[in-house]
Amino acid sequence: MSGEQASEGGTGAAPAPAAVRLREWAEDDLWVLRRTNAPEMTAHLGGPESEAQLSVRHERYLRLDGDGGRMFVVVAGPDDEVVGSIGFWGRVRREEEVYETGWGVFPEYQGRGIAVAAARAVTARAAATGSRLHLHAYPSVGHPASNAVCRRAGFSLLGEVAFEYPKGHPMTCNDWRIELTPADTRPAPR
């Protein structure tokens, strides 16, 4: 799931790797959710959420901690400018406890490799917890940019799956997976 637009995953040359940093989600980060809640950012996610739904999501992000996952604000540049969000959280897939990830990069920062860099960084963070062997991403099959982010970040495509997001909104997604191994033993992404 992602708010990344097609410019990130086009058929041209990949953008140069972006330098990003992940900052833990904080109480005053509700505005980030509001920014990523725009129609152009949620077109592949069932559309914008209500303010009440955003508040519930924000509280859930604040409670994520440790083995249950973490949510981050993505910052870039010398001034640590906020450019989006990414996180990982626990779920069960085919009787295996795994992590799932999702991200959103603000439209004005898309196409610069930020989502790929953030996906690699969140993979390292999830691997550092040491409790689950795999991280999955489930972008819509109709969202080429998010699927390209997964490929460029080193995930392997497992195939299509039926998914419900948000609740009551069925969709078909690609199931991408990456092994969570210590960063020094992970093969370089292609």
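Data for the structure
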item: Per-residue SASA entry for Ile86, accessible area with 1.4 Å probe, Å² rounded to 10; result: 0
item: GNM top mover of Val74, Val161, Val92 - the chain, alpha-carbon springs below 10 Å; result: Val92
item: Test item: Cα-centred dipole of the chain, Lys/Arg +1 and Asp/Glu -1 on Cβ, debye; result: 480
item: Percent breakdown of C-alpha pair distances by 10 Å bin, ordered from the shortest bin, for region 89-190; result: 15, 48, 33, 5, 0
item: Normalised per residue, the volume of the convex hull around the Cα set of region 26-83 (Å³); result: 108
item: Correct choice for log10 I(q)/I(0) by the Debye sum over Cα atoms at q = 0.13, 0.16, 0.19 Å⁻¹ that was computed from the model, options (i) -0.65, -0.93, -1.20; (ii) -0.62, -1.00, -1.52; (iii) -0.69, -1.08, -1.57; result: (ii)
item: Cα shape, region 110-151, gyration tensor, a/c 1.5 rule; result: oblate
item: C-alpha center-to-center spacing [region 81-107, region 121-180] in angstrom; result: 8
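The values are calculated or read from the model by the stated rules, or taken from the named source; none is laboratory data. The shown structure was predicted, so the numbers you read here are calculated from the model rather than taken from an experiment. When we count neighbours, we look across all protein chains shown, and the Cβ atoms used for this are built from the backbone with ideal geometry, even at glycine. The accessibility values were calculated without ligands, DNA or RNA, using every heavy atom of the protein model including side chains. Shrake-Rupley method; radii C 1.70, N 1.55, O 1.52, S 1.80 Å.
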